[in-house]
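Have a look at the structure below before the remarks.
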């Protein structure tokens, strides 16, 4: 059983955010046939075990961080440059896992390939850090299928989804940046970055 990275990080949301501080998420969006399969499975879950009270976008979380709004214009070009250096990666999933927060996630078979995307951001890690929080680079990526289920939903669905099969694949060919302020309940997409496979990445400077 996996610890809930998403839920643990989101625990900061219970603290008031300082004025001007934004919560950010860099993620790999799911698309195509795999997205359709996951959406259909969520519908099937709701029909069998009741409506999901909390749903999230179908994304692979890669980096979760907090930064000041004033840094956003400088930060986006730096992220774009790193993503442009990356080649598209095949994402493969197989089956479900469970978290003690009454959540179900979808297992990524080739986690190491997706983790390499995350590691590419280590050179700009300092730019993602704010005085309020360090960035979290998620090197064991996964994505949530159903989060914060009611106790009875979790108990009844657990034995079913232990045996449930869900397999699929899609190409990760772009990343997206999402943001959330203290007054918002969910993340909003603010930028997308194509993975172009460029070889040269200019290292950011403190004054650039």
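What the table below lists for this structure:
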| read-out | value |
| --- | --- |
| Whichever residue in the range 158-180 is more than 24 Å from residue 33 (Cβ to Cβ) and more than 17 Å from the chain's Cα centre (by Cα) and, among such residues, is surrounded by the most Cβ atoms within 10 Å (Cβ to Cβ) | 158 |
| Neighbours by Cβ (under 9 Å, 6+ apart or cross-chain): first from the range 147-164, at positive phi; second assigned to a helix (DSSP H, G or I) and at pLDDT below 95 | 148/7 |
| The range 141-155 - residue that is out of contact with any helix residue (DSSP H, G or I) (no Cβ under 6 Å at 6 or more places or on another chain) and in a loop (DSSP other than H, G, I, E, B) and, of those, nearest to residue 93 (Cα to Cα) | 142 |
| Yes/no for residue 133 being out of contact with any strand residue (DSSP E or B) (no Cβ under 7 Å at 6 or more places or on another chain) and under 29 Å from residue 68 (Cβ atoms) | no |
| Residues that are outside any loop (DSSP other than H, G, I, E, B) and touching a helix residue (DSSP H, G or I) at 6+ places or on another chain (Cβ under 9 Å), drawn from the range 182-191 | 190, 191 |
| Count - residues of the range 165-181 that are farther than 18 Å from residue 92 by Cα and either part of a strand (DSSP E or B) or free of Cβ contacts under 8 Å to residues at least 40 places away in the same chain (or both) | 5 |
| Unique match (being touching a strand residue (DSSP E or B) at 6+ places or on another chain (Cβ under 6 Å) and in a helix (DSSP H, G or I)) among 25, 34, 75, 91 | 34 |
| Tally, over the range 158-181, of residues that are more than 17 Å from residue 75 (Cβ to Cβ) and in contact with a helix residue (DSSP H, G or I) (Cβ under 9 Å, 6 or more places away or on another chain) | 11 |
| The range 94-119: number of residues that are touching a helix residue (DSSP H, G or I) at 6+ places or on another chain (Cβ under 9 Å) and in a helix (DSSP H, G or I) | 1 |
| Test: residue in the range 42-51 that is in a loop (DSSP other than H, G, I, E, B), touching a strand residue (DSSP E or B) at 6+ places or on another chain (Cβ under 7 Å), in contact (Cβ under 8 Å) with a residue 24 or more places away in the chain and loosely packed, with under 15 Cβ neighbours inside 10 Å | no |
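Quick grid of which residues meet (1) free of Cβ contacts under 8 Å to residues at least 12 places away in the same chain; (2) surrounded by 15 or more Cβ atoms within 10 Å (Cβ to Cβ); (3) more than 29 Å from residue 16 (Cβ to Cβ):
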{"position": "67", "(1), (2), (3)": "no, yes, no"}
{"position": "74", "(1), (2), (3)": "no, no, no"}
{"position": "86", "(1), (2), (3)": "no, yes, yes"}
{"position": "122", "(1), (2), (3)": "no, no, yes"}
{"position": "126", "(1), (2), (3)": "yes, no, no"}
{"position": "135", "(1), (2), (3)": "no, yes, no"}
{"position": "145", "(1), (2), (3)": "no, yes, yes"}
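The values are calculated or read from the model by the stated rules, or taken from the named source; none is laboratory data. What you see is a predicted model; the values in this text were computed from it and never measured. So basically every Cβ, Gly included, is an ideal-geometry build from the backbone, and we count neighbours across all protein chains shown.
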